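Please read the structure below before turning to the comments.
The values are calculated or read from the model by the stated rules, or taken from the named source; none is laboratory data. Not measured: the values here are computed from a predicted model. In this analysis, Cβ positions are derived from the backbone assuming ideal geometry, glycine residues included, and neighbour counts consider all displayed protein chains. SASA here: full protein model, heavy atoms, side chains in, ligands and nucleic acids out. Shrake-Rupley method; radii C 1.70, N 1.55, O 1.52, S 1.80 Å.
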Amino acid sequence: MLFTGFGDGAVAFYEELAADNTREWWLANKDRYERDVRGPLERLLEDLRPEFGEAKVFRPNRDTRFSADKSPYKTAAAAVVGEGGGPGGSHGHTLYVQLSADGLMVGGGAYVPATDQLARLRAAIADDVTGAELEAIVAAIEAAGGEVGARDEVKTAPRGYRADHPRIGLLRWKGIIGWFDHPAGPWLRTPEARDRVAAGWRALAPLNDWLAANVGPSDLPATARR
């Protein structure tokens, strides 16, 4: 095993970045990012690669082209397994981990499904058999201390579905994700951080398996997925 914990200054790095999110501060502290954050994160992911697959670490730079917030750097380090054209893009499900000043977030599911994937997701939720399977999966994640939700949802009912459908709450979601929040603490500087990621990803495996069986990859060209 390569990972022994995140660096002693990982949480402080993001606390300070939030207070001074400038190129000048970043360049003066980039070695701290490499030593305390990115290096350990890459070692954690390498330890988990045989079980969960290859992960991609996101760039620390924000894309500010279409945002009113012009802060140049992300206030969290993150990585994804199963990315395809964005979280949940072509594959329909991902595994995710994020380190910030708040601690560690471990997630998975379909964050931004393509339009054809969303249609299949809702059809599977509405079905009495597969919908009941998903309800059981959601209940198991919540019983394990996790949360389940979506990035966005419609206000009433999606077109073609009754507002009084027994699973209308799930049908309103524009995707489905599960996650476990772990507040920052001394454990981040130990191998326990890797073990919590692994435990969370294992707990989310039934959700991703359900998505693989009932939603699958997008059949649309990349330019037509939104």
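Some observations on this one:
- Out of Arg65, Arg43, one residue alone is open to solvent by 70 Å² or more (accessible area, probe 1.4 Å) and modelled with pLDDT under 95. It is Arg65.
- Filtered residues of region 183-206 (kept if assigned to a loop (DSSP other than H, G, I, E, B), open to solvent by 40 Å² or more (accessible area, probe 1.4 Å) and farther than 8 Å from Gly5 by Cα): Ala184
- Only one of Gly149, Gly169 that is more than 23 Å from Leu45 (Cβ to Cβ), free of Cβ contacts under 8 Å to residues at least 24 places away in the same chain, open to solvent by less than 70 Å² (accessible area, probe 1.4 Å) and not hydrophobic (A, V, I, L, M, F, W, C): Gly169
- Some residue of region 108-131 being assigned to a helix (DSSP H, G or I), basic (Lys, Arg), farther than 12 Å from Leu207 by Cα and touching a helix residue (DSSP H, G or I) at 6+ places or on another chain (Cβ under 9 Å): yes
- Tyr14 meets all of the listed conditions (1) open to solvent by less than 20 Å² (accessible area, probe 1.4 Å); (2) aromatic (Phe, Trp, Tyr); (3) within 28 Å of Ala205 (Cα to Cα) but one, namely (3).
- Test result for Val37, touching a residue at least 40 places away in the same chain (Cβ under 8 Å), crowded, with 19+ Cβ neighbours inside 10 Å and not in a helix (DSSP H, G or I): no
- Qualifying residue in region 115-135 (condition: crowded, with 20+ Cβ neighbours inside 10 Å, modelled with pLDDT of 95 or more and under 30 Å from Phe13 (Cβ atoms)): no
- Odd one out for Glu142 among (1) within 30 Å of Arg43 (Cβ to Cβ); (2) open to solvent by 70 Å² or more (accessible area, probe 1.4 Å); (3) part of a helix (DSSP H, G or I): (1)
Rundown of residues vs (1) polar (S, T, N, Q); (2) farther than 30 Å from Pro221 by Cα, yes/no style:
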{"residue": "Gln98", "(1), (2)": "yes, no"}
{"residue": "Leu134", "(1), (2)": "no, no"}
{"residue": "Ala143", "(1), (2)": "no, yes"}
{"residue": "Arg172", "(1), (2)": "no, no"}
{"residue": "Glu192", "(1), (2)": "no, yes"}
